[in-house]
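Before any comments, here is the structure.
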Amino acid sequence: MGKNVIETIPIQKKHMHGVIELLQSISDFKPNLDEYDSIWNTFVDQPNVHSMVALIDDKLVGYGAVIIGTNIRGGKMGHVEDIVSHNDFRNEGIGKAILDSLYEIAVYNECYKIALACKEQYIPFYEKCFYELHGFSMQRFI
């Protein structure tokens with residue numbers, strides 16, 4: 001049997017429900033269904049947020065985003081968020097395909113680097129995708 005062809009495309013509103021379901025595997029937070037339209041409108045109005053979905057035979061199997069910010073010296077940096085793949089399609093290159101597409105967006109937008117924070121167990125995966133362990137990530141939740 002041949003390898004599945006992974007297509008990465010910018011997210012569309014029709015993908016929102018599926019993406020939120022995928023994200024349940026990495027976070028328990030789930031907005032109320034009646035908030036989806038408002039959330040979508042706010043989300044797509046952010047010109048510095050670029051979200052990609054991964055499809056196999058038109059089935060939503062992955063998601064990821066890069067947020068591009070400009071620092072005080074004028075340099076642009078991409079911050080990768082929410083890399084997730086469908087449980088039934090793990091180890092098929094979906095995460096790498098999404099990361100590659102986000103990297104291309106960062107290059108197109110003239111970022112000098114792209115970074116992400118992850119749990120320790122995912123470091124080997126990100127290293128295979130050419131990310132290097134550098135420093136520490138810290139968070140303060142509100």
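The values are calculated or read from the model by the stated rules, or taken from the named source; none is laboratory data. This structure is a prediction, so every number in the text was calculated from the model and none was measured. Because the Cβ atoms are built from the backbone with ideal geometry, glycine has one as well, and the counts that use them run over all protein chains shown. What goes into the accessible areas is simple: the full protein's heavy atoms, side chains included, and nothing from ligands, DNA or RNA. Shrake-Rupley method; radii C 1.70, N 1.55, O 1.52, S 1.80 Å.
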Check your understanding: How much net charge surrounds Asn48 when only other residues with a Cβ under 14 Å from its Cβ are counted (Lys, Arg +1; Asp, Glu -1)?
Key -> -2
**Study point:** Coordinate range along principal axes, alpha carbons of the chain, Å, largest first
**Key:** 44, 40, 30
Practice item. Mind grabbing the accessible area of Tyr122 for me, 1.4 Å probe, Å², rounded to tens? Key: 100
**Study point:** Whole-Hz ³J(HN,Hα) from phi, Karplus 6.51 cos²θ - 1.76 cosθ + 1.60, for region 22-32, glycine and proline x
**Key:** 4, 5, 4, 6, 10, 7, 7, 5, 9, x, 5
Check your understanding: For the chain, what is the accessible area per residue in Å², given a 1.4 Å probe and the full set of protein chains?
Key -> 72
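Could you grab the relative contact order for region 59-138? Cα pairs under 8 Å, six or more apart, rounded to a whole percent.
Answer for region 59-138 is 29 percent.
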Check your understanding: How much FRET efficiency would the formula 1/(1 + (r/R0)^6) give for Cys129 and Asp34, where r is the Cβ-Cβ distance and R0 is 41 Å, rounded to 0.05?
Key -> 0.65
Review point. To the nearest 10 square angstrom, what accessible area does His17 show with a 1.4 Å probe?
Key: 90
**Study point:** Per-residue HN-Hα couplings for region 47-56 [Karplus 6.51, -1.76, 1.60; θ = phi - 60°; Hz; x = Gly/Pro]
**Key:** x, 8, 10, 10, 10, 10, 10, 10, 10, 10
Point to revise | Thr70-Phe141 FRET efficiency (beta carbon distance; Förster radius 22 Å; 0.05 resolution) | key: 0.30
Check your understanding: Which trypsin sites (Lys or Arg not before Pro) does region 1-41 hold that lie in a coil by DSSP with at most 13 other beta carbons within 10 Å?
Key -> Lys3
Check your understanding: Hey, what number do you get for the chain at 222 nm if only DSSP H runs of n ≥ 4 count, each worth -39500 (n - 2.57), divided across all residues, to the nearest 500?
Key -> -7500 deg cm²/dmol
**Study point:** 3J(HN,Hα) from dihedral phi, region 36-44, Karplus parametrisation 6.51/-1.76/1.60, rounded to Hz, x for glycine, proline
**Key:** 4, 4, 5, 4, 4, 4, 5, 4, 6
Check your understanding: So, with a 1.4 angstrom probe, what is the percent of accessible area on the chain that is carbon and sulfur?
Key -> 52
